[in-house]
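The values are calculated or read from the model by the stated rules, or taken from the named source; none is laboratory data. All of these numbers come straight from a predicted model, not from anything done at the bench. Cβ placement follows ideal geometry from the backbone for every residue including glycine, while neighbour counts extend to all protein chains displayed.
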């Protein structure tokens, strides 16, 4: 198919034009774009604060900012990155775009609710940005009481109201996905023919639906306590500040799996495609997503080992946290087994996927260190923990997000990104990431605590390495922003299936028509049928690769 | 029947699938609501076991008579809501509108009684904060009890207000003849929501009002 043909054909991008056609759209593919633009915006806002943090930590003295300002920097970094980038990133962008197509539906079950979710997200974002502009907030993204409820003089109420509002966006997105996956599957699309991307989003949606309301009520209680002078979490008035930690982590630990499960879904698509093999142990990978979602609700106490909770509770939470390693390991082993004797090609999405496997393994295994009661006391609230969760959130979740965006970019835009630049960016990100965060494992092990803007001079070398790595990482993130925008106009025309990948989304045109498929597909085969010759190859006698 | 076609959104194959999806969506939403109230119940249970004597004492300051009347009002409103759903399913438009209005009326009565209770608590200096006055030995835990009382019944009242708003929407829609024998899903779904809000009260009433009765 040549360029002229693509331009003439009507698809979801050119069916109508103008700001109104985007802001009032109910097409899941366009809403995915609304999310893509807004999460990218918040990613760079969060990145700005990360830059400021790393600049301050170049030297042991507090010579760039004062402690109070530094507190606001890391709080804003955490709040924007977690609530406004990581949580919506893969589900609201790729999930929104792909789930209806992967199951052979015309749209999500509730398209208007989907658009409403985006507006709710933006409204919450505006509250939080207003709070930041009006002087910021300094409690850390965890909002621990009684600091957040009594002592902090910053815009806590405004920020938590912003997060409270955004939470409803997550809840409604999750609800939409659950109903869509249950009720909208095309004929023949049985549960065990679903792509693993859909399974992992199903598990994520369960957490959205059951976890987020608890965050909503715990943050609402903090806001109410501040605004109406209550004492629910105030120890001087008989309240229990630890109750907040329990309620907060009941959501916020599962929230970690909200960030990683969709990424695992992306990797489960990339690995089979670029190894040309059916994924190893499909059922195990599918059920391990659900297992992670369920276990995720039972481990929140491992954030509170030094809070004074009972030793017995600590032991139980430690044991349950160890159990999470089992489904996580199943995934890693099964991806690796998929690679075994595969016909592997190293396109940019695959580079991200391979990076994911390595970094996730490090992040996951260090999770076992911090889940061990004795070790936890040593590394609690140190840079070891920072490095651990950045290996999961950045090294894994963001890698998967980048890999997914590259992989489905031809489907979303009809254009290829420039492969050479993309491989270079993937490499830069991998190197920059490790240089930034690996030294932090050492720093934490040596005892550097998190959330301080000054540190003893002997930690400087490792901190300079980390800051240098961060600047490389920044280049790695700006590069795709530039070439992706470039490719919208100048990229090679992709054709409907440039990767010769399996899955319903590749059987429709790129970019897809508004209703996704010209006729509702009838599914007759299992997912990842890479061992079966492609339909195009069968008919024309030559591969469909462009 | 062309009317059926007009109420089916494009993403669904048929109205049965649409109806099914809407029901599932509402039940999932109610699950989120259970978790939302669950956080408050969790906090209440914790403090109730920490400060059981003070909670029993503070509970005696709530007006059981008004609370009981409100419970009865709310159960009646669930009954009228169920009749409204039945009328919608039977295609009886006038009955549907009257039962919806009756449900709204009962909801407003509930809120009226609730807010008068709030007013009495304000008069008795039982609103948490600087003006809170209580006997010395239970003062702090009693303040916590009343914090939960106001937050939990307040959240419940907020849900009632939203429910009345939704019922208003249903009344307008049914007066315009939007519901028929074949399409009345919104009535059923908002009915589910209304029953859920009632059930929350069925838990709140004994937890808050009846703790200290045996003393």
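Given the criterion assigned to a helix (DSSP H, G or I), within 21 Å of the chain's Cα centre (by Cα) and within 12 Å of chain B (Cβ to nearest Cβ), identify the matching residue among A:216, A:203, A:255, A:223.
Exactly one residue qualifies, and that residue is A:216.
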Exercise. Within segment A:16-39, which residues are part of a helix (DSSP H, G or I) and out of contact with any helix residue (DSSP H, G or I) (no Cβ under 7 Å at 6 or more places or on another chain)?
Worked result: A:19, A:20, A:21, A:23, A:33, A:37
For this session: Look through B:72, B:82, B:53, B:95 and report the one residue that is in a helix (DSSP H, G or I), out of contact with any helix residue (DSSP H, G or I) (no Cβ under 9 Å at 6 or more places or on another chain) and either farther than 29 Å from residue A:227 by Cβ or within 14 Å of another protein chain (Cβ to nearest Cβ) (or both).
Result: B:72
Seminar exercise, completed: The number of residues in segment A:226-241 that are assigned to a helix (DSSP H, G or I) and either at the interface with chain B (Cβ under 8 Å from one of its Cβ atoms) or under 24 Å from residue B:29 (Cα atoms) (or both) is 2
Seminar exercise, completed: Pairing a residue in segment A:93-111 that is more than 8 Å from chain B (Cβ to nearest Cβ) and closer than 23 Å to residue A:41 by Cβ with any residue that is at pLDDT below 95 and surrounded by fewer than 24 Cβ atoms within 10 Å (Cβ to Cβ), where Cβ atoms lie under 9 Å and the two sit 6 or more apart in sequence or on different chains, gives A:98/A:503
Exercise. Residues of segment B:9-31 being exposed (fewer than 15 other Cβ atoms within 10 Å of the Cβ) and either facing another protein chain (nearest Cβ under 7 Å) or closer than 16 Å to residue A:108 by Cβ (or both), which ones?
Worked result: B:10, B:13
Seminar exercise, completed: The number of residues in segment B:123-135 that are exposed (fewer than 15 other Cβ atoms within 10 Å of the Cβ) and either in contact with a helix residue (DSSP H, G or I) (Cβ under 7 Å, 6 or more places away or on another chain) or within 13 Å of another protein chain (Cβ to nearest Cβ) (or both) is 3
Seminar exercise, completed: From the option list A:180, A:173, A:145, A:139, single residue qualifying as surrounded by 22 or more Cβ atoms within 10 Å (Cβ to Cβ), within 13 Å of chain B (Cβ to nearest Cβ) and in a loop (DSSP other than H, G, I, E, B) is A:145
